[in-house]
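Here the structure comes first, spelled out in structure tokens, and everything after it is commentary.
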Amino acid sequence: MFCKKLWICGSIILLPVLVNAQITDKKKGTAADQKELAVSLGNLKDPLTTLEDIKKQKNFTLPKGYRMGSTTVYFSGEGFTSVVSFQLTGNSLEPMRRILDKCKAGSVITFDGIMLIDSSNNIRYVDGPTYYFSPRPAIKNANDSLVNELRILAAKDFVAGKAYFSGSNFSNAIVIQLKGPGLIQGSIDRCAPGTIVVFENAIYRNPDRTLSKPVNTTIKLL
């Protein structure tokens, strides 16, 4: 376990993450396929979501043949002055509802070390999903499809690359080193028609832990 830095709305947060996460059978020590045992929160597949969508979810969607044991849930970003952790047992989200209600646009929720139990009571651990709360509606008076493209990129778990912001609302261009989810959300919230965002060799980690191809693109909000 180590901590990665998240830059959200002008603050640096340390968020615990798993190093070289694997699913392991506690009894036998064998490795399993991370993608095969993927876990999501209800029907949420994209890391970029809203508080309204999260509140609709009642439990986890688990791989066939497994039941939920427990997971550590980390809350950070907007609404939290420091990282808050919660030990969740079972498949219901109700025990953490009080903390969930404190979330707002810019909050980040990470489910870490999810324990899965099969029909033979073998225990396996899987690296859980991370969800980022985006504001809704999107940036006022900007093209919706371009804003959506930016917000989807903002929620990616970046491992390398840079993002440049210039134009409207950026009298001086800024450069952000991309490493972790939510790093550019604060800058995106400043965007307006006329803002230019450039992604240079941006590489992110997919839900199945594989790495994306480098993203080199320029988005100009209209």
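Derivation of every value follows stated rules applied to the coordinates shown; laboratory data play no part. Predicted model, so just to flag it, every value in this text is computed and none were measured. Quick reminder, even Gly has a Cβ in these numbers, built from the backbone with ideal geometry, and neighbours come from all protein chains shown.
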*Among ILE203, PHE165, ALA154, which residue has its Cα positioned farthest towards the positive end of the charge dipole of the range 144-220, with +1 placed on the Cβ of Lys and Arg, -1 on the Cβ of Asp and Glu, and the dipole taken about the Cα centre?*
ILE203
*For PHE60, enumerate residues with amide H under 5 Å from its amide H, sequence gap 5+ or separate chain, H modeled in the peptide plane.*
GLY42
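Among 208-215, 41-48, 58-65, how do they line up from the highest to the lowest mean number of other beta-carbon atoms within 10 Å? Each step should come with its number before you reach the end.
Values: 208-215: 12.1, 41-48: 15.9, 58-65: 13.9.
Going by the mean number of other Cβ atoms within 10 Å, highest first, we get 41-48, 58-65, 208-215.
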_13 Å reach of a label modelled at THR210, 7 Å along Cα-to-Cβ, counting backbone N of the range 159-182_ = none
*For a label point 7 Å from the Cα of VAL175 along Cα→C-beta, name the residues of the range 182-222 whose backbone N is under 15 Å from it.*
198-202
*Amide N of the range 49-65 lying under 15 Å from the label point, which is placed 7 angstrom from the Cα of ASN91 along Cα→Cβ*: 57-65
*Residue-by-residue Karplus 3J(HN,Hα) for the range 68-74, coefficients 6.51, -1.76, 1.60, Hz, glycine and proline x*: 7, x, 7, 7, 9, 10, 10
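For an R0 of 35 angstrom, estimate the FRET efficiency from the Cβ-Cβ distance between GLU52 and TYR164 and round to the nearest 0.05. Walk me through the numbers on the way to the answer.
On the way: r = 32 Å, r/R0 = 0.91.
That pair, GLU52 with TYR164, gives E of 0.65.
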*Which order do ARG124, ARG205 fall in if you start with the one that has the fewest other Cβ atoms within 10 Å?*
ARG205, ARG124
*Given H placed on each backbone N at 1.01 Å, which residues far from ASP157 in sequence or on other chains put an amide H within less than 5 Å of it?*
ARG205
